[in-house]
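Encoded as structure tokens, the structure appears first; notes follow it.
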Amino acid sequence: MRAWAIFARIAVAAGAVALVGASPVARLDVGIGRLRSDKGMIRVCLTADPENFPACIDDARALSRSVSAATRDIAFEGLAPGTYAVAVIHDENGNNKLDTTLGIPREGFGFSRNPAIGFGPPKFAAARFALTDAGATQDIRIRYLF
């Protein structure tokens, strides 16, 4: 009987050590609002790298999602707590890019924290938000210039 008690204590101690070393994970819920139609796709990019915002092209750790424009809620699970920013485009014609004319977007776009838009996309600092292990929600308003 004593051997079982010792085994149980070792098992509990090993489990506690495993939990101490576990990285916390969080969930981010992104809500998309003000789409003018359900045509095409919603393309979402989540990054923690200021240098690769908003395109996320050279960020190996960026997460991207492409969903039907009829979808209004997107979840990212298993994220490490930290500072992130989200960029969204409404790719109405489904050609996998944000169409522009003379550099002006012809399709909808939006960013986390819904920052003011001047000439060009906002900086990472304007769109960044903290993701804690309790999770976060970002409601992004899509904007259209045409």
**Study point:** Charge dipole magnitude, Cβ of K and R +1, D and E -1 - region 25-141, Cα centre, debye nearest 20
**Key:** 300 debye
Point to revise | Bins of 10 Å from zero: percent of alpha-carbon pairs in region 24-146 | key: 14, 48, 33, 5, 0
Practice item. Could you line up Arg143, Arg61 from fewest to most neighbouring Cβ atoms inside 10 Å? Key: Arg61, Arg143
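How much net charge surrounds Glu92 when only other residues with a Cβ under 15 Å from its Cβ are counted (Lys, Arg +1; Asp, Glu -1)? Display every interim value, and only then the final one.
Working: positive: Arg34, Arg36, Lys39, Arg43, Lys97, Arg106, Arg143; negative: Asp38, Asp91, Asp99, Glu107.
Taking every other residue near Glu92 into account, the sum is +3.
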Point to revise | Sorted by Cβ density within 10 Å, fewest first, the residues Ile32, Ile142 | key: Ile142, Ile32
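Relative contact order, percent, of region 25-141 when contacts are C-alpha pairs under 8 Å separated by at least 6 residues?
Working: 253 pairs, mean separation 43.2, N = 117.
Worked out over region 25-141, it gives 37 percent.
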Study note, to complete from the structure: Simple spin-label estimate for Ala70/Asn93, 7 Å along Cα→Cβ, in nm, reads 2.3 nm
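Counting other beta carbons within 10 Å of each residue's own, what order do Tyr144, Tyr84 fall into, fewest first? Could you put the intermediate results ahead of the total?
Numbers: Tyr144 14, Tyr84 26.
By the 10 Å Cβ count, ascending, the order reads Tyr144, Tyr84.
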Point to revise | Dimensionless Rg ratio for region 89-146, taking C-alpha atoms and the 2.2 N^0.38 Å reference | key: 1.28
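No lab work stands behind these numbers, since they all come straight from the coordinates. If you're wondering where the values come from, they're calculated on a predicted model, not measured in any experiment. All Cβ positions, glycine included, derive from the backbone under ideal geometry; neighbour counts span all protein chains shown.
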